[in-house]
1. Of all residues in segment 137-169, which are part of a helix (DSSP H, G or I) and either touching a residue at least 60 places away in the same chain (Cβ under 8 Å) or within 21 Å of Met211 (Cα to Cα) (or both)?
2. Let me confirm something: among Leu219, Leu234, which residue is under 19 Å from the mean Cα position of the chain (by Cα), farther than 16 Å from Arg173 by Cβ and crowded, with 22+ Cβ neighbours inside 10 Å?
3. Where the second residue is of a type in the set (Asp, Glu) and modelled with pLDDT under 95 and the first is closer than 18 Å to Arg141 by Cβ and assigned to a loop (DSSP other than H, G, I, E, B) and lies in segment 187-209, which pairs have Cβ atoms under 6 Å and are six or more apart or on separate chains?
4. Would you confirm, using the coordinates I've provided, whether Glu218 is in contact (Cβ under 8 Å) with a residue 12 or more places away in the chain, in a helix (DSSP H, G or I) and over 17 Å from Leu55 (Cα atoms)?
5. When the residues of segment 8-22 are narrowed to those that are farther than 14 Å from Asp64 by Cβ, of a type in the set (Gly, Ala, Ser) and part of a loop (DSSP other than H, G, I, E, B), which ends up modelled with the lowest pLDDT?
6. Checking Gly187 against (1) modelled with pLDDT under 95; (2) buried (at least 19 other Cβ atoms within 10 Å of the Cβ); (3) among the small types (Gly, Ala, Ser), only one condition comes out false. Which one?
7. Would you pick out the residues in segment 237-268 that are under 22 Å from Thr176 (Cβ atoms), buried (at least 16 other Cβ atoms within 10 Å of the Cβ) and hydrophobic (A, V, I, L, M, F, W, C)?
8. Would you be able to say whether some residue in segment 99-117 is surrounded by fewer than 13 Cβ atoms within 10 Å (Cβ to Cβ) and closer than 18 Å to Cys214 by Cβ?
Amino acid sequence: MDFHDPRGVFVGRDMGGHEYAIGPDLLRRHATGTSDRFGWTGEEPPGPGTDAPALLFHSEVYADLGWYLPNIFGNLHARQEWEFFHPMRVGEHIRTRSTVVERYRKRDRDYIVNEVLVTTPDGRWLQRGRTHQSFLVQDERKGFAVDREREKRSDRTFRVGEGEGADLDPLSRPITQEMCDAFSGPGKNYHNDREMALALGFPDVVVQGMMSICFVSELMTRSFGDGWQRGGKLDVRLVNVVWGSDVVAVRGRVREDVPEGDKTRRHCDVWCEKPDGVKTLVGTSSALL
């Protein structure tokens with residue numbers, strides 16, 4: 001007799017994986033979904049052998065939602081961790097594997113942590129990501145699970161980047177419907193369709209949390225290049241919702257440098273914010289120099 005219900009959501013549940021070829025269609029979709037052309041010099045994506053964007057497979061964790069809890073009303077992407085070991089290359093094949101690695105409860109939400117490992121076909125690790133998804137414990141479905149006023153509350157104010165280190169060159173991203181469709185489509189869901197968002201307890205389109213994380217990866221790539229693709233680390237929390245048509249500024253500030261082997265690891269505070277100063281993502285990131 002199985003220790004766990006094979007249909008349940010438990011630590012150690014193997015969610016399987018996929019194999020992909022990194023080709024032009026994937027690169028075009030990523031560019032449309034993030035407005036990041038990742039060094040394109042012309043209208044077409046770069047050719048075989050060039051580095052692919054670090055988070056090209058940002059949403060592989062959502063390829064199979066069998067690890068979700070039954071109550072999806074008001075569910076939110078709460079935290080994201082990532083480690084990068086080696087670049088993915090255009091023209092190459094990669095493999096993924098997804099496993100539930102942690103489950104915990106905080107206040108009125110249950111959290112499931114799904115780890116995705118990306119490797120070469122022969123098993124070399126390229127990157128590892130851990131996605132913390134939160135689900136309401138009680139399924140009451142009264143009003144909105146999260147409304148637009150929540151981000152104005154005093155307990156939704158977050159302090160980050162207050163040190164005296166140098167600022168990274170910031171980015172600004174106006175969110176468009178085209179971006180949401182490319183990033184979270186092609187089917188309708190609460191990340192690209194208002195009616196679907198209303199059905200899940202939100203007043204408007206909830207821009208997928210991974211999009212902001214891709215913005216942070218773009219910031220780190222521009223700032224550190226190969227030192228991000230070959231040793232970068234990320235640990236961020238998604239603290240307020242980015243709504244459809246929001247404008248997001250992506251910022252970073254150097255915190256400290258720490259020796260690491262024959263390199264130096266530069267630790268940074270990173271965050272995303274709206275024009276009125278509301279923080280939507282806060283955390284830390286680092287790269288090798």
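The values are calculated or read from the model by the stated rules, or taken from the named source; none is laboratory data. In this text, all values refer to a predicted model and were calculated from it rather than measured experimentally. Virtual Cβ from ideal backbone geometry, glycine too; neighbours counted across all protein chains shown.
1. Those that are part of a helix (DSSP H, G or I) and either touching a residue at least 60 places away in the same chain (Cβ under 8 Å) or within 21 Å of Met211 (Cα to Cα) (or both): Arg150, Glu151, Lys152, Arg156.
2. Leu234
3. Final answer for the pair search is Pro203/Asp147.
4. Here the answer is no, as Glu218 does not meet what is asked.
5. Gly8
6. That leaves (2) as the condition not met.
7. Leu238, Val241, Val242, Trp243, Val248, Ala249, Val250
8. There is no residue in segment 99-117 that is surrounded by fewer than 13 Cβ atoms within 10 Å (Cβ to Cβ) and closer than 18 Å to Cys214 by Cβ.
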